[in-house]
1. In this structure, does B:R128 turn out to be basic (K, R), in contact (Cβ under 8 Å) with a residue 12 or more places away in the chain and surrounded by 22 or more Cβ atoms within 10 Å (Cβ to Cβ)?
2. Quick check on segment B:136-158. Is at least one of its residues crowded, with 19+ Cβ neighbours inside 10 Å, part of a helix (DSSP H, G or I), assigned by TED's automatic domain parsing to the domain that holds B:S225 and out of contact with any strand residue (DSSP E or B) (no Cβ under 7 Å at 6 or more places or on another chain)?
3. Which number in (1) surrounded by fewer than 23 Cβ atoms within 10 Å (Cβ to Cβ); (2) of a type outside the set (G, A, S); (3) more than 29 Å from B:V108 (Cβ to Cβ); (4) touching a Ser or Thr at 6+ places or on another chain (Cβ under 9 Å) marks the one condition that B:F216 misses?
4. Checking the condition more than 12 Å from chain A (Cβ to nearest Cβ), under 14 Å from B:N410 (Cβ atoms) and of a type outside the set (A, V, I, L, M), which residue from B:T350, B:T369, B:T362, B:T396 passes?
5. Identify, by number, the condition in (1) in a helix (DSSP H, G or I); (2) surrounded by fewer than 24 Cβ atoms within 10 Å (Cβ to Cβ) that B:T44 doesn't meet.
6. For B:V375, which of the numbered conditions (1) crowded, with 24+ Cβ neighbours inside 10 Å; (2) closer than 18 Å to B:F230 by Cβ fails to hold?
7. I'd like to verify a number: residues in segment A:48-93 that are in a loop (DSSP other than H, G, I, E, B), touching a helix residue (DSSP H, G or I) at 6+ places or on another chain (Cβ under 9 Å), within 15 Å of B:G416 (Cβ to Cβ) and in contact (Cβ under 8 Å) with a residue 12 or more places away in the chain, how many?
8. Would you point out which residue out of B:L94, B:L78, B:L61 is crowded, with 21+ Cβ neighbours inside 10 Å, touching a Gly at 6+ places or on another chain (Cβ under 6 Å) and modelled with pLDDT of 95 or more?
Amino acid sequence: MQRLSFGFALASLVSATLLAFSAAVAGVSGDRELGQYLSSECVTCHLLSGKVVGGVPAIVGVDAASFVAVMNSYKKKERDNQVMQVIAAKFNDEEIAALAVYFESVKPKR
Amino acid sequence: MANRRQFLVGGGAAFASLGLVAPAIAQGAKPRVVVIGGGAGGATAARYIAKDSEGKIAVTLVEENANYQTCFHSNLFLGGFRDYASIQHSYGNLPKQGVNVMRARATVIDRDKKEVVLSNGQRLPYDRCVVSPGIDLRYDSVPGWSKAAEDAMPHAWKPGAQTRLLRRRLDAVPNGGNIIMIAPPNPFRCPPGPYERVSMMAHALKRTGRTRSKIFVIDPKESFSKQGLFQEGWEKHYAGLVEWLGPKIHDGIKSVDPKTNTVVTGFETYRNAALVNVIPAQWAGAIARDSKLANDAGYCPIKPESMQSTMDPNIYVLGDSAIAGDMPKSAFSANSQAKVAANAIRGELTGSRVFPARYTNTCWSLIETDDTVKVGGTFEPKDGKIASVTPFISKTGEPADLRKQTQAENMGWYAGIIADMFG
């Protein structure tokens, strides 16, 4: 059990590192800026403070790999919220990575 | 003049995507943006321009009201799901984020001099102006109704005293008293709004045992937003309380008489209604029309890539006043458009990166406790207009837990957009 969760954590860490690396290489220095611009679509519902109100979960401070995985599962319609499905559908991989890097960098307010 | 670095980093993209000439910003002076109207379009634009330019742009928001009261969720106030204080918001956080909030009424834009003229005669010079005044009501669109009649037959389609008046009038409807809503013709603010309002009125009647009352909706349109969903909900929750009449059934709205609360249609005369709610035809806020930014239909054409006015490259029109193609006139739309415009304006004035326009909208409607539906989609510039890309809508017959979840989402969105507008 412990090994498994450690393995999972390690895998997330590795993929997060790879992601950050690939984002830095592919999107050059502008990626976080792109992520910040694209994030303006998200923050109409998701609070940038990280606070949860009603049925809208917090997305700030989420590790980039998890963010990418969740967005891709909406894109593939494995998760069934209509709003999130159409929003995820229009982002390409680079944009999802940019968003992931941006949201990971935002610290929730306590 | 833009320096070499700005041109290389962002200016080039801005000019290429917007087809503009080099910005003529005086060296040393901060570029100035004046935003007219502190609603979902204007407050968002002001906040984003100030925040993202990090002090490089002087942003002034001109708003005549001391507080903002949301039109969105005002139906929930009507139905008793929210108290009034919860839909009122202060502009107090915006100055801390670099926005100069000026409480004043803007009367006209002197486009030649690039100045916004206030009702006290003061003039605010601008490099770019954002116009987001919302809608104005067409008081002459329902025969017999007028501005003088808006207390007798409230519209409550602009928020404030009218919202509270409608609630008081609804609460005073006796059991057996009829409510008549005159629905607006297209295009109008908040397409599902009248029908969510009908639902909330029916909820209030049902909750208080006024089941001998009835709501008649006299609609000039053949069909309306989320029609199947609303009609399913009315049948399910409010059987016998709501009757919707399209133009083929009522044969036209002939006149109203505010003195006797009478509504005359081609087919029927309704006398002594307990409450008549007139939602009239609408057009862009006066300042947009008076500044010659609107077309013959009374709304403002824009470039879909940026929300820039087609009448004046120094002006951007947002929200209900704009002709935004497939996007409905909603707070969500205005907020989405504001971010596109803010990004474009910042690019023009400071040479920052300009990203392609992307627009989103969702409109939630509460039908009955924990029974909420939604409609929405994504949009992008295409063939000269803002076109729908991936629309979605709730389905009839959805399970109760999904509808409850949709209401939780609705409440979450409200908190989100308020934080996004005011910080």
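1. yes
2. yes
3. Only one criterion in (1) surrounded by fewer than 23 Cβ atoms within 10 Å (Cβ to Cβ); (2) of a type outside the set (G, A, S); (3) more than 29 Å from B:V108 (Cβ to Cβ); (4) touching a Ser or Thr at 6+ places or on another chain (Cβ under 9 Å) is unmet by B:F216, namely (4).
4. B:T369
5. (2)
6. (1)
7. Residues in segment A:48-93 being in a loop (DSSP other than H, G, I, E, B), touching a helix residue (DSSP H, G or I) at 6+ places or on another chain (Cβ under 9 Å), within 15 Å of B:G416 (Cβ to Cβ) and in contact (Cβ under 8 Å) with a residue 12 or more places away in the chain: 5 in total.
8. One residue alone meets the criteria, B:L61.
The values are calculated or read from the model by the stated rules, or taken from the named source; none is laboratory data. The shown structure was predicted, so the numbers you read here are calculated from the model rather than taken from an experiment. All Cβ positions, even for glycine, are placed from backbone atoms using ideal geometry, and neighbour counts span all protein chains on display.
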